[in-house]
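Encoded as C-alpha cells, the structure appears first; notes follow it.
The values are calculated or read from the model by the stated rules, or taken from the named source; none is laboratory data. Worth saying up front: this structure is predicted, and the values here are computed from it rather than measured. Here the Cβ positions follow ideal geometry from the backbone for every residue, glycine too, while neighbour counts run over all protein chains shown. For accessibility, only protein heavy atoms count, side chains too; no ligands or nucleic acids. Shrake-Rupley method; radii C 1.70, N 1.55, O 1.52, S 1.80 Å.
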Amino acid sequence: MSHPLVLRACALSVLAAALLAVPALSGLNAAQAAAPLVKTQPGYYRVMLGDFEVTALSDGTVALPVDKLLTNTTAAKVNKALAKSYLSSPLETSVTAYLINTGAKLVLVDAGAAGLFGPTLGNLLTSLKAAGYAPEQIDEVYITHMHPDHVGGLMAGDKLAFPNAVVRADQKDADFWLSQANLDKAPQDAKGFFQGAQASLNPYVKAAKFKSFSGNTELVSGVKAMATHGHTAGHTVYVVESKGQKLVLWGDLMHVGAVQFEDPTVTIQFDSNDKSAAAERKKAYAEAAKQGYLVAATHLPFPGIGRLRAQGKGYVFLPINYAVPR
C-alpha cells in the first residue's frame, strides 16, 4: 500500500499538470466563442385564450419619425414622452399580425406589409412557418383596414399568399381603397396607398375569395368584427372570446404606446378622420381598463399583447406575463 504522503504528491502532480494545460484550453474556448452575431429575433409568441390559441406573428419593425407623424401635439411633447420610456425618434416600430386557432377555424388578423413598406418588413410568412403553420392552412384573413402594412402580405409575388383563405374586411374600407376613381383623384403622395390595397385585394376579389361585411358582425364562432371607423373609413377591431376570456385586436386604433397611452388625444397623419379616430381610441381605452380584458395592437412593441390600467388622465400598458401555453 502506498504511503499517504506519496499519494498526496501524486495528486499534486496531476493538479499541476492540469493547471499547466489551462492556457491552451482557454485559447481553445476563446476561438470557439468567436462566432458571428446572429442578429435575429423569434418571430412568434403564443398565448392561450380559453380554448383558443392566439399567436402573435412578427412582420418585422420599421423606423418611423413619430415626432413628425403624430398630430394634435408637438414634436417637443412627443420627444419628451418618448424619453420617459428611454425611446427616441425615429422609433423602431413593430408590425404584428395575429393568428387565432379556434379549433375549428384558423383565422389570421392582418397580413403584414410584404414589400409595400420597405425592406425591414415582410417576415410574416417566415414567422407563420416558424410558429408551426403553413399558409395553405389559413381559412380566413380578417383585415382591420387596407393600409399597405396590413394587406401587402396577402400576396406572395403574383400568387395568393393564402390560397385557401377567404379575405374579409368592412365594406366601407373596400369601397374607399378599391375604388379606381378614388385612386385617380388622390394626391400623388397618397396614390401608393390605393395601389397597394388594390394590388393586394383585387386578386382575391377576382378569385371570388373576398367577402366584405358591414359594421358589427360575428364572423366565426368566438370572433366578432366591431366598427371603429376613423383611422380609415372602415377601420375594424376584432373581438376574440373563449370560455369567458376576451382579447380585442385593435389594429391601428393606436400607434405609439409611449405617447398615446399617456395622452389618448394624440393622433397621427395616417388618420383619415382624426377626431373620430381619437374618439374611438378613448372609448376603447376606457372599456379595456374598466373590464380588464386583453388587448393587442399592430404597432405596440412585439408581441403587443397586454392590459390597460387607468392612471390620471391617461393609461398605463401592462404587457402580458410570459408563460408557456398549456
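Structural remarks
- For the range 156-242, the strands (runs of 3 or more DSSP E) that sit wholly inside it and include 1 or more residues that are of a type in the set (S, T, N, Q) and touching an Asp or Glu at 6+ places or on another chain (Cβ under 8 Å) are 210-213, 236-242.
- Odd one out for Asn216 among (1) in contact (Cβ under 8 Å) with a residue 24 or more places away in the chain; (2) under 30 Å from Gly50 (Cβ atoms): (1)
- Scanning the range 310-326 for residues that are more than 19 Å from Ala56 (Cα to Cα) and touching a helix residue (DSSP H, G or I) at 6+ places or on another chain (Cβ under 6 Å) returns Ala310, Tyr315.
- Residue check, Val259 under 14 Å from Ile100 (Cβ atoms), in contact (Cβ under 8 Å) with a residue 40 or more places away in the chain, of a type outside the set (Asp, Glu) and touching a helix residue (DSSP H, G or I) at 6+ places or on another chain (Cβ under 9 Å): no
- Test: residue in the range 232-240 that is open to solvent by less than 40 Å² (accessible area, probe 1.4 Å) and without any contact (Cβ under 8 Å) to a residue 60 or more places away in the chain: yes
- Positions within the range 72-85 being in contact with a helix residue (DSSP H, G or I) (Cβ under 6 Å, 6 or more places away or on another chain) and part of a helix (DSSP H, G or I), in sequence order: Ala75, Val78, Asn79, Ala81, Leu82
- Filtered by the rule that a residue be surrounded by 12 or more Cβ atoms within 10 Å (Cβ to Cβ), within 16 Å of the chain's Cα centre (by Cα) and not in a strand (DSSP E or B), the range 42-71 gives a lone residue, Gly43.
- Selected residue (criterion: surrounded by the fewest Cβ atoms within 10 Å (Cβ to Cβ)) from residues of the range 280-326 that are touching a Gly at 6+ places or on another chain (Cβ under 7 Å) and small (Gly, Ala, Ser): Ala296
- Once the range 134-149 is narrowed to residues that are out of contact with any strand residue (DSSP E or B) (no Cβ under 6 Å at 6 or more places or on another chain), in contact (Cβ under 8 Å) with a residue 40 or more places away in the chain and outside any helix (DSSP H, G or I), the residue that is farthest from Phe193 (Cα to Cα) is His145.
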